[in-house]
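Visitor: Got a structure for you, questions after.
The values are calculated or read from the model by the stated rules, or taken from the named source; none is laboratory data. Predicted, not measured: the structure shown is a model, and the values here were computed from it. Please note: Cβ atoms are built from the backbone with ideal geometry, for glycine as well, and neighbour counts cover all protein chains shown. Note: accessible area is taken over every heavy atom of the protein model, side chains too, but ligands, DNA and RNA are not part of it. Shrake-Rupley method; radii C 1.70, N 1.55, O 1.52, S 1.80 Å.
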Amino acid sequence: MKAIAFTQSLPIDHPDALQTIDLPTPAPEAHDIRVAVSAISVNPVDAKVRSSALPEVGEPRVLGYDAVGIVDAVGSAVSRLQPGDRVWYAGNVARQGSNAEFQLVDERIASLAPKSLSDNQAAALPLTAITAWELLFDRLELGMRNTQGKSLLVIGAAGGVGSILVQLAKQLTDITVIGTASRPESQAWVKSLGADAVINHHQPLDQELKAAGFDGVDMVISLNQTDHHFEAIIEALNPQGKLALIDDPELIDVRKLKMKSLSLHWELMFTRPLFTTDDIAKQHDLLTEVAAMVDDGRLTTTLGKVLGPINAENLKRAHALIESNSTIGKLVLEGF
């Protein structure tokens, strides 16, 4: 099968940063489905792994953590899905990824794709939807709380995770959502997704919040540059507030959370598949729920731009755009 891989960590403008190779078509293990990949999206984790992880010697590493495709084979323990099913998923960072014609994925972290979306529209959503859902309902436990009158600040709301998180928070909770975005077009995007207010994270957050009518917030989800905003986040949070994040900030002094009894929550959507947790199938369940919400018209795709077919050159373009930190929505590639 054709795949796009890397064999060493190189800057994305290097000719060999990503290469087209041939690999054997993999055989499913017990819980695996094998998927003929139709469309993929590119996430910050793709660029992060490419630039920092070293493949084993002689083992090309295939990236890609979002996909839509058709199941063509299943393992002996598979019970939820079958050949011919059109599925979506985000995979497992410890396994070969979706930048290939065929991919193995545990059926417990995949589900049927939304019927109302095209392949490229659907490919924009799985990883970010899982991340956003787990942030809201597993880490901050909003489904177990009365959110009426509570407020949530989402830093970096125009990106992939923020774009679906704002929608999920407004659809499934009563919380007031304040998103941050710095450019007119990204601010308009966040507002269109349902945010109650949008502020500029290039300005002091306390001033921006006050100008929008908020003296403080009950929760903060920081999706990027947490170290840059850390002091402002502490200032903005009300006593006994909660901070959740997904990035890898430079050293932050968590002792500063003590005075207000603030709590810190980290989210990595790969945790369940990496450790095969007892509740690994929750990712199947939440993707099924998200697909139903999409088909009911309650959620919209966060597709930003389709860059063309899945090949090395287009993936290099996608990685470069991701590394520029200026994307709105998701970058998608479709077909080989």
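Visitor: Got a number for residues in segment 75-84 being free of Cβ contacts under 8 Å to residues at least 40 places away in the same chain and either more than 17 Å from Glu29 (Cβ to Cβ) or touching a Leu at 6+ places or on another chain (Cβ under 9 Å) (or both)?
Guide: Applying the first criterion (free of Cβ contacts under 8 Å to residues at least 40 places away in the same chain) to segment 75-84 yields 79, 82-84.
With either more than 17 Å from Glu29 (Cβ to Cβ) or touching a Leu at 6+ places or on another chain (Cβ under 9 Å) (or both) added as a condition, the list becomes 84.
Total satisfying the criteria: 1.
Visitor: Among the residues of segment 247-278, count how many are more than 30 Å from Glu323 (Cβ to Cβ), in a loop (DSSP other than H, G, I, E, B) and either open to solvent by less than 60 Å² (accessible area, probe 1.4 Å) or modelled with pLDDT under 95 (or both).
Guide: 3
Here is a yes/no grid of residues against (1) surrounded by fewer than 24 Cβ atoms within 10 Å (Cβ to Cβ); (2) under 21 Å from the mean Cα position of the chain (by Cα); (3) part of a loop (DSSP other than H, G, I, E, B):
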residue: Ser163; (1), (2), (3): no, yes, no
residue: Gln203; (1), (2), (3): yes, no, yes
residue: Asp206; (1), (2), (3): yes, no, no
residue: Pro239; (1), (2), (3): yes, no, no
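Visitor: Next question. Taking the residues in segment 13-67 that are acidic (Asp, Glu), open to solvent by 60 Å² or more (accessible area, probe 1.4 Å) and assigned to a loop (DSSP other than H, G, I, E, B) as candidates, determine which candidate is nearest to Asp85 (Cα to Cα). Before the answer, list the steps.
Guide: The first filter runs over segment 13-67 and keeps only residues acidic (Asp, Glu), leaving 13, 16, 22, 29, 32, 46, 56, 59, 66.
Subset that is open to solvent by 60 Å² or more (accessible area, probe 1.4 Å): 13, 16, 22, 29, 56, 59.
When the remaining residues are screened for being assigned to a loop (DSSP other than H, G, I, E, B), the result is 13, 16, 29, 56, 59.
Details: Asp13: 37, Asp16: 35, Glu29: 18, Glu56: 33, Glu59: 30 Å.
If we take residues in segment 13-67 being acidic (Asp, Glu), open to solvent by 60 Å² or more (accessible area, probe 1.4 Å) and assigned to a loop (DSSP other than H, G, I, E, B), then Glu29 is nearest to Asp85 (Cα to Cα).
Visitor: With the checklist (1) open to solvent by 50 Å² or more (accessible area, probe 1.4 Å); (2) under 21 Å from Arg50 (Cβ atoms); (3) assigned to a helix (DSSP H, G or I); (4) not acidic (Asp, Glu) in hand, flag the one item Ser326 doesn't pass.
Guide: Of (1) open to solvent by 50 Å² or more (accessible area, probe 1.4 Å); (2) under 21 Å from Arg50 (Cβ atoms); (3) assigned to a helix (DSSP H, G or I); (4) not acidic (Asp, Glu), only one is false for Ser326: (3).
Visitor: While we're here: Considering only segment 76-125, give the strands (runs of 3 or more DSSP E) lying wholly within it that have at least 2 residues that are open to solvent by 60 Å² or more (accessible area, probe 1.4 Å).
Guide: On the way: elements: 86-89, 102-106, 110-112.
Once the strands (runs of 3 or more DSSP E) in segment 76-125 are filtered for at least 2 residues that are open to solvent by 60 Å² or more (accessible area, probe 1.4 Å), nothing remains.
Visitor: Go through (1) hydrophobic (A, V, I, L, M, F, W, C); (2) within 22 Å of Leu274 (Cβ to Cβ); (3) out of contact with any helix residue (DSSP H, G or I) (no Cβ under 8 Å at 6 or more places or on another chain) for Ala90 and report which single condition fails.
Guide: Going through (1) hydrophobic (A, V, I, L, M, F, W, C); (2) within 22 Å of Leu274 (Cβ to Cβ); (3) out of contact with any helix residue (DSSP H, G or I) (no Cβ under 8 Å at 6 or more places or on another chain) one by one, Ala90 breaks only (3).
Visitor: For a quick check of your reading of the model, give me the residue pairs whose first member lies in segment 32-47 and is farther than 15 Å from Gln103 by Cβ, whose second is acidic (Asp, Glu) and open to solvent by 30 Å² or more (accessible area, probe 1.4 Å), with beta-carbon atoms closer than 8 Å and at least 6 apart or on different chains.
Guide: Taking only residues 6 or more apart or on different chains, the pairs are Ala47/Glu323.
Yes/no matrix, rows are residues, columns are (1) β-branched (Val, Ile, Thr); (2) within 18 Å of Pro44 (Cβ to Cβ); (3) without any contact (Cβ under 8 Å) to a residue 60 or more places away in the chain:
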site: Val154; (1), (2), (3): yes, yes, no
site: Gly160; (1), (2), (3): no, yes, no
site: Ala181; (1), (2), (3): no, yes, yes
site: Ala195; (1), (2), (3): no, no, yes
site: His201; (1), (2), (3): no, yes, yes
site: Pro204; (1), (2), (3): no, no, yes
site: Asp227; (1), (2), (3): no, yes, yes
site: Glu231; (1), (2), (3): no, no, yes
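Here is a yes/no grid of residues against (1) modelled with pLDDT of 95 or more; (2) over 25 Å from the mean Cα position of the chain (by Cα); (3) within 15 Å of Leu287 (Cα to Cα); (4) polar (S, T, N, Q):
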| site | (1), (2), (3), (4) |
| --- | --- |
| Asp16 | no, yes, no, no |
| Glu56 | no, yes, no, no |
| Glu59 | no, yes, no, no |
| Arg86 | yes, no, yes, no |
| Gln103 | yes, no, no, yes |
| Asp106 | yes, no, yes, no |
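Visitor: Related question: Those residues that are part of a helix (DSSP H, G or I), of a type outside the set (A, V, I, L, M, F, W, C) and open to solvent by less than 30 Å² (accessible area, probe 1.4 Å), I need them from segment 285-314; list them, please. Show your work before the answer.
Guide: Residues of segment 285-314 part of a helix (DSSP H, G or I): 285-295, 312-314.
Still in the running and of a type outside the set (A, V, I, L, M, F, W, C): 285, 288-289, 295, 313-314.
Within segment 285-314, just Asn314 meets the criteria.
Visitor: Can you give me the number of residues within segment 165-188 that are closer than 26 Å to Gly143 by Cβ and either of a type in the set (Phe, Trp, Tyr) or open to solvent by 30 Å² or more (accessible area, probe 1.4 Å) (or both)? Lay out the reasoning, then the answer.
Guide: Start the filter on segment 165-188 by keeping residues that are closer than 26 Å to Gly143 by Cβ, which leaves 165-180.
Next, from what is left, pick out any that are either of a type in the set (Phe, Trp, Tyr) or open to solvent by 30 Å² or more (accessible area, probe 1.4 Å) (or both): 170-172, 174, 176.
Adding up the residues that qualify gives 5.
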